[in-house]
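Taking it in order: structure first as structure tokens, then the write-up.
The values are calculated or read from the model by the stated rules, or taken from the named source; none is laboratory data. As the structure is a prediction and not an experimental result, all values here were calculated from the model. Glycine gets a Cβ as well: all are built from the backbone with ideal geometry, and neighbour counts include every protein chain shown.
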């Protein structure tokens, strides 16, 4: 369908107030209007809730930190520094645990 094609066909759908409230809440979590949410979901899209901007910033910072630690670990391997390598390995594991924690705590919760 061309991007300039207008939607001219309409279909009335009736919801109970609690159903519409759930749809509206899920649509807002995805950054969509209820109409867009219903249309895209009905057409097969799986709408995903947006992450909080703060969580995205933290995850990017953790990714940069992980890349730096990875580079240091490779340096530790080439320089025959086993103590450094062990410490970096522990730090990398801690960083991975923190990433999992941030992702889990900011995972969108579906409405009941």
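Could you list, in sequence order, all residues of the stretch 22-32 that are over 16 Å from residue 12 (Cα atoms) and either surrounded by 16 or more Cβ atoms within 10 Å (Cβ to Cβ) or without any contact (Cβ under 8 Å) to a residue 40 or more places away in the chain (or both)?
If the condition is that a residue be over 16 Å from residue 12 (Cα atoms) and either surrounded by 16 or more Cβ atoms within 10 Å (Cβ to Cβ) or without any contact (Cβ under 8 Å) to a residue 40 or more places away in the chain (or both), then 24, 26, 27, 28, 29, 30, 31, 32 are the ones that fit.
With (1) surrounded by fewer than 12 Cβ atoms within 10 Å (Cβ to Cβ); (2) assigned to a helix (DSSP H, G or I); (3) at pLDDT below 75 as the list, and residue 109 as the residue in question, which single condition is left unmet?
(2)
Just to be sure I understand, how many residues within the stretch 1-35 are more than 20 Å from residue 48 (Cβ to Cβ) and not in a helix (DSSP H, G or I)?
The total comes to 16.
Evaluate the stretch 44-59: report whether one residue or more is modelled with pLDDT of 80 or more and in a helix (DSSP H, G or I).
No, because not a single residue in the stretch 44-59 is modelled with pLDDT of 80 or more and in a helix (DSSP H, G or I).
Where residues in the stretch 66-90 are touching a helix residue (DSSP H, G or I) at 6+ places or on another chain (Cβ under 6 Å) and at pLDDT 75 or above, which of them is surrounded by the most Cβ atoms within 10 Å (Cβ to Cβ)?
88
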